[in-house]
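Before any comments, here is the structure.
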Amino acid sequence: MYHAQTWREKVTLFLAILWPIMVTQVSLFAMNLVDTIMSGRVGTNDLAGVAIGSSLWMPIFTGINGILLAVTPIVAQLMGSNKREKIASSVTQALYLSVFLAGIIVLAGTFLLEPVLTIMNLNPSVHYISFHYLIGLSIGVVPLFASSVLRNFFDAQGFTRITMVITVLAVPFNVVLNYGFIFGKLGLPALGGIGAGYATAITYWIIFLLSVWMTFKVEVVRHYQLFVKWFTPSWRAWKEQLAIGVPIGLSIFFESSIFAVVTLLIGMMFSTITVAAHQVAFSFTSLIFMIPLSISMALTIVVGYSVGGKDYKSAKQYSHLGVWSGIGILAVGAVFLYIFRESIAYLYTDDPVVVQLAAQFFIIAIVYQISDAAQSGLQGVLRGYKDVQVPFITAFISYWLIGIPSGYSLAAFTELGPFGFWIGITLGLTCAAIGFLVRLRIILKRLERKEVVMD
């Protein structure tokens, strides 16, 4: 990381940080994609079961991962203000916190998973697959969150290629393990969709072990002596990270949970075919979303570094560069999605009814993805400023007070049916993007006034 001066240097630095993050995000999502596609090849019930299981897990995963994302702006601002001696302690405390949070999640799942699935009144086969898919996945919860901390540690310093290499190396393991556990190959039991949970959990362990190995192997991070020099757990340090991380985690939770809630409501209100079609559309559009999400993560790094060095002009320039890039890329992706929507659906299933229904979901997704790109980029910028409280409130209002209620009303009381949920998601994301933009403009005006006073 360095303080770039010209526009060309800024674009070069931003792209150097961005492209490994993008490869990493796509690779991570490829694991979920493999779970979905391979499960769909077993049968519609397996596809629906994995869809329900994923929908319960993803909001929890993204929410906790969002809390741990506090490591990125903390480390980036320590780097920018030349206080690197404090980084090792901050990262170690985050590792302690990640294990603590993982333990809470596993404990809660032990008591709550079965009652939640029972309330949903699912097809017995779908219920069974969802339950045991999540049981298998739980084996990898601790290493997943711990490796997230290490990933944020690497990325905040601009070493995004490290996490890229780790993830790219892990993906083939995930594919082979899915192939073995789902279809009963390579001497492994044939578990169908359930096997995807065990395969993913083992892959999480592989990612964690590779991440730890990198802290010893790569010279630029070895001097921090992670896993060599330990610090006493500090509630004060946890409190600082939670003060930043909890609003981030809740903001991400509110966003990801609308998709999960929609999937669960569709499972309760409509047929297994509809759940499968929804999962197909959601899975692929989520893959495309990895691009603006990567841009958002890169924005947090470069904006945080600039703010740490009190270079507010560069922070603003990076903001424009990243947000507009995300919107532009998703606009191009929307054209691609519209043209090939049925061909994409056939990658997941051979059922023509599911394919036709998924293709209709794709058409609505074209609209909401533009709003999703805007809100994601703006959130990344705000996190770089460590501004997380107001965005959290904005996310709650947009997603839970506007998005879900409007989606449910359209689905339950109009002829739109399940498509009404997706229209509600679009409304929620659009409101969030507008709210984040207003908040960013307020922050920028405050900084401008502060600079005038200092001058």
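Where in the chain are the DSSP H helices whose alpha-carbon span along the long axis reaches 30 Å or more and whose Kyte-Doolittle mean is at least 1.6?
Membrane-span-like by this rule: 87-120.
Can you tell me the length gained on complete extension of the stretch Gln225 to Ala412, counting 0.36 nm per residue apart and subtracting the Cα distance?
Length gained between Gln225 and Ala412: 61.7 nm.
For Ala16 and Asn82, calculate 0.36 nm times their separation in residues minus their Cα-Cα distance, and state this gained length in nm to one decimal.
21.6 nm
What does a probe at His320 reach in segment 291-314, counting residues whose amide N is under 12 Å from the point 7 Å along Cα→Cβ?
Answer for segment 291-314: 313-314.
How large is Rg over Rh for segment 208-304, taking Rg from the Cα atoms and Rh as the Kirkwood inverse mean of 1/r across Cα pairs?
1.12
Only Lys, Arg, Asp and Glu count, each charged at its Cβ (+1, +1, -1, -1), so figure out the dipole size of segment 310-351 about its Cα centre, rounded to 20 debye.
540 debye
Pairs Lys217/Lys316; Lys313/Lys445; Lys83/Lys313; Lys86/Lys445: which exceed 24 Å Cα-Cα?
Going by Cα-Cα distance, Lys217/Lys316; Lys86/Lys445 fall outside the 24 Å limit.
Rg over Rh of segment 1-116, using C-alpha atoms and the Kirkwood radius, what does it come to?
On the Cα set of segment 1-116, Rg over Rh gives 1.10.
Per residue, how much accessible surface does the chain expose to a 1.4 Å probe? Answer in Å², no decimals.
Heavy-atom accessible area per residue stands at 41 Å².
Which order do the peptides 170-177, 204-211, 256-263 take when ranked by the mean count of other beta-carbon atoms within 10 Å per residue, highest first?
256-263, 204-211, 170-177
With each label point set 7 Å from Cα along the Cα-Cβ vector, what nm distance links Leu242 and Glu114?
With each label placed 7 Å out from Cα toward Cβ, I get 3.1 nm.
Work out the P(r) tail for the chain: percent of alpha carbon pairs separated by more than 32 Å, whole number.
36 percent
The values are calculated or read from the model by the stated rules, or taken from the named source; none is laboratory data. Remember, predicted model here, so these are calculated numbers, not experimental data. Cβ coordinates were reconstructed from backbone atoms using ideal geometry, including for glycine residues, and neighbour counts include every protein chain displayed. Protein only, heavy atoms only, side chains kept; ligands, DNA and RNA dropped before computing areas. Shrake-Rupley method; radii C 1.70, N 1.55, O 1.52, S 1.80 Å.
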